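Enquirer: Here it is, the structure in full.
The values are calculated or read from the model by the stated rules, or taken from the named source; none is laboratory data. What you are looking at is a predicted structure, and each value in this text was computed from that prediction instead of being measured. Cβ sites come from the backbone with ideal geometry, for glycine too, and all protein chains shown count toward neighbours.
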Amino acid sequence: MRPVRRGPSPLSRDFDDYKDAKAELVSRLGPYCSYCERRIATGLEVEHIQPKSLAAYSALIGSWGNFLLACLNCNRTKRDKEVALAEFLLPDRDNTFAAYQYAADGKVTAGAGLTGRQRQMAQATLGLVGLDKPVEKFEDSNGKMVALDRVAQRMQVWGIAESAKVDVEASPGVEAVRRNVVRTALAEGYFSVWMTVFAGDAEMRERLVDGFSGTRESGCFAVGTAAVVQPAPNPDGLANGGKA
Ligand SMILES: [Zn+2]
């Protein structure tokens with residue numbers, strides 16, 4: 001899950017209509033779901049971390065610090081569940097890249113290096129948005145892959161990233177091939193899949209961290225090596241930040 005920095009609010013007060021924050025959020029974070037990392041060309045939604053429909057959080061309905069971006073699937077699964085900030089790992093305040101591991105079969109699981117408490121929080125976040133759901137049927141009657149859900153689409157992009165890696169390895173020192181990988185990654189989304197497939201290529205990881213808006217700004221990757229920085233430095237000083 002890509003860690004991001006939203007940065008300071010563009011307004012000196014809360015948003016009258018939270019939907020007005022969407023353009024600024026997309027500009028700062030890129031057109032991706034903050035949870036499942038899919039690129040959503042249209043229909044990306046302004047997501048309230050603490051749900052707007054719960055009375056306890058109604059004061060946060062227009063609050064910039066409570067916004068992320070979400071796809072319809074993640075947003076609908078999350079619905080009006082209560083989100084106590086101390087109990088979940090969140091991409092705007094924790095190093096959610098370090099907190100998860102991604103695999104070729106589309107599965108997202110809690111990262112190996114977490115403490116028991118962090119693991120609990122990582123798991124809670126997966127359940128919150130349904131990223132722990134198994135893959136649904138994804139083959140047509142001819143056995144051809146049809147990627148309809150978030151898991152199958154993640155598998156599909158894994159394959160694209162693997163083939164991009166073959167191109168990079170076959171073309172050492174060719175700048176255009178590396179630039180093209182970043183363009184493809186930005187078009188396909190799933191930042192963590194690309195970072196995992198290119199785990200052994202620090203230079204390519206640097207390009208990915210710089211390519212996806214709001215990622216470098218999170219401070220969760222060291223400049224020059226893209227090594228994971230843990231816990232998240234939480235540069236905006238958000239409440240309950242830096243838990244991982
Ligand atoms: Zn999503």
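Enquirer: Read through the list (1) surrounded by 13 or more Cβ atoms within 10 Å (Cβ to Cβ); (2) polar (S, T, N, Q); (3) away from the ligand (no atom under 12 Å from the Cβ); (4) modelled with pLDDT under 95, then give the number of the only condition that residue 73 fails.
Expert: Tallying (1) surrounded by 13 or more Cβ atoms within 10 Å (Cβ to Cβ); (2) polar (S, T, N, Q); (3) away from the ligand (no atom under 12 Å from the Cβ); (4) modelled with pLDDT under 95, residue 73 fails exactly one: (3).
Enquirer: Between a residue in segment 140-159 that is over 18 Å from residue 191 (Cβ atoms) and any residue that is within 16 Å of the ligand (Cβ to nearest atom) and acidic (Asp, Glu), which pairs come within a Cβ distance under 6 Å, given they are 6 or more apart or on different chains?
Expert: From residues that are over 18 Å from residue 191 (Cβ atoms), the pairs are 149/136.
Enquirer: Can you tell me which residue in segment 41-70 is farthest from residue 129 (Cα to Cα), limited to those that are more than 17 Å from the chain's Cα centre (by Cα) and of a type in the set (A, V, I, L, M, F, W, C)?
Expert: 59
Enquirer: Still on this structure, please answer the following. Any residue at all in segment 112-123 that's within 13 Å of the ligand (Cβ to nearest atom), surrounded by 22 or more Cβ atoms within 10 Å (Cβ to Cβ) and in contact (Cβ under 8 Å) with a residue 24 or more places away in the chain?
Expert: No, that holds for no residue.
Enquirer: Quick check: is even one residue across segment 33-42 part of a loop (DSSP other than H, G, I, E, B) and of a type in the set (Lys, Arg)?
Expert: No, because not a single residue in segment 33-42 is part of a loop (DSSP other than H, G, I, E, B) and of a type in the set (Lys, Arg).
Enquirer: Same structure again: What about residue 18, is it at pLDDT below 95, surrounded by 16 or more Cβ atoms within 10 Å (Cβ to Cβ), more than 30 Å from residue 158 (Cβ to Cβ) and away from the ligand (no atom under 16 Å from the Cβ)?
Expert: no
Enquirer: Report yes if residue 182 is surrounded by 12 or more Cβ atoms within 10 Å (Cβ to Cβ) and of a type in the set (A, V, I, L, M), otherwise no.
Expert: Judged against the criteria, residue 182 is a match.
Enquirer: Going by the structure shown, is residue 161 exposed (fewer than 15 other Cβ atoms within 10 Å of the Cβ), within 18 Å of residue 226 (Cβ to Cβ) and small (Gly, Ala, Ser)?
Expert: no
Enquirer: Is it fair to say residue 86 is closer than 24 Å to residue 198 by Cβ and more than 16 Å from the ligand (Cβ to nearest atom)?
Expert: So residue 86 fails the test.
Enquirer: Of everything in segment 222-231 that's touching a residue at least 40 places away in the same chain (Cβ under 8 Å) and crowded, with 17+ Cβ neighbours inside 10 Å, which residue is nearest to residue 198 (Cα to Cα)?
Expert: Filtering first and then ranking leaves 228.
Enquirer: Tally time: how many residues in segment 1-32 are in contact with a Phe, Trp or Tyr (Cβ under 8 Å, 6 or more places away or on another chain) and either part of a helix (DSSP H, G or I) or among the small types (Gly, Ala, Ser) (or both)?
Expert: 5
Enquirer: Could you tell me which residue of segment 21-39 is farthest from the ligand (Cβ to nearest atom), considering only residues that are out of contact with any helix residue (DSSP H, G or I) (no Cβ under 7 Å at 6 or more places or on another chain) and aliphatic (A, V, I, L, M)?
Expert: By that ranking, first place goes to 23.
Enquirer: On to the next question. Which residue out of 143, 127, 43 is at pLDDT below 95 and closer than 27 Å to residue 195 by Cα?
Expert: Step by step, each of 143, 127, 43 is checked, and only 43 is at pLDDT below 95 and closer than 27 Å to residue 195 by Cα.
Enquirer: Any residue at all in segment 53-70 that is assigned to a loop (DSSP other than H, G, I, E, B) and at pLDDT below 95?
Expert: yes
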